[in-house]
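Enquirer: Please read through the structure below; I'll follow up with questions.
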């Protein structure tokens, strides 16, 4: 069975090297919708694959890292990178260009790692991240599966190369959330969410 949770965020970026002159040469924004799809052949004690309420914890914080922020590719012009950091309190530095395709891969890698580190409490069993869909516009989206997320052909996504601004880190329920994910620290789902 597959379940799906929808999140939304507003984000600005430049996608260098793309075909569209507007997109590759001008900072612009989108109203993104992100769908996290989970799968399991089992149901928990509440007859659910995974309680949607549990996603309001750390998973929501991860997706909201990109809300009202600037996504910056670390391979972009150094002056541009520094200007974006200087003029925006909320920014995310990524090891890949912030296209919808790469956003879906980045979010997949982070959520997949978080899910493997989360100790379940209600009989959840063999829950896996099936895919991540990132809607950049009302008519266009990218969907990443596990083979895409960890594909060397599409550019490796090393969590240690992702940097979130201090403002973003301070917005998390746990200000050390991403450090804990990178370090492989265990998380426990809270019962009353």
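Enquirer: What are the pairs with Cβ atoms under 8 angstrom where one residue, in the stretch 38-67, is in contact (Cβ under 8 Å) with a residue 24 or more places away in the chain and at negative phi and the other, located anywhere, is exposed (fewer than 15 other Cβ atoms within 10 Å of the Cβ) and in a helix (DSSP H, G or I)? Sequence gap at least six, or different chains.
Expert: If the second residue must be exposed (fewer than 15 other Cβ atoms within 10 Å of the Cβ) and in a helix (DSSP H, G or I), no pairs are left.
Enquirer: Tell me whether the stretch 103-120 contains one or more residues that are touching a residue at least 60 places away in the same chain (Cβ under 8 Å), farther than 28 Å from residue 43 by Cα and buried (at least 16 other Cβ atoms within 10 Å of the Cβ).
Expert: Yes, some residue in the stretch 103-120 is touching a residue at least 60 places away in the same chain (Cβ under 8 Å), farther than 28 Å from residue 43 by Cα and buried (at least 16 other Cβ atoms within 10 Å of the Cβ).
Enquirer: Out of curiosity, is residue 143 surrounded by fewer than 12 Cβ atoms within 10 Å (Cβ to Cβ), without any contact (Cβ under 8 Å) to a residue 60 or more places away in the chain and over 21 Å from residue 46 (Cα atoms)?
Expert: no
Enquirer: If I go through the stretch 146-172 residue by residue, how many of them are assigned to a loop (DSSP other than H, G, I, E, B), under 16 Å from the mean Cα position of the chain (by Cα) and surrounded by fewer than 12 Cβ atoms within 10 Å (Cβ to Cβ)?
Expert: 1
Enquirer: Take residue 129 and tell me if it is in contact (Cβ under 8 Å) with a residue 12 or more places away in the chain and either crowded, with 16+ Cβ neighbours inside 10 Å or part of a strand (DSSP E or B) (or both).
Expert: For residue 129, the condition - in contact (Cβ under 8 Å) with a residue 12 or more places away in the chain and either crowded, with 16+ Cβ neighbours inside 10 Å or part of a strand (DSSP E or B) (or both) - is met.
Enquirer: State which residue is surrounded by the most Cβ atoms within 10 Å (Cβ to Cβ) when the search covers only the stretch 181-193 and only residues that are in contact (Cβ under 8 Å) with a residue 12 or more places away in the chain and out of contact with any strand residue (DSSP E or B) (no Cβ under 7 Å at 6 or more places or on another chain).
Expert: Across the stretch 181-193, the extreme among qualifying residues is 181.
Enquirer: While we're looking at this one, here's another question. Go through the stretch 132-144 and count every residue that is within 10 Å of the chain's Cα centre (by Cα) and in a loop (DSSP other than H, G, I, E, B).
Expert: 0
No value in this document is a laboratory result; all are computed from the given coordinates. Everything quoted here is computed from the prediction, not taken from an experiment. Positions of Cβ are generated from backbone atoms using ideal geometry, with glycine treated the same way; all protein chains shown enter the neighbour counts.
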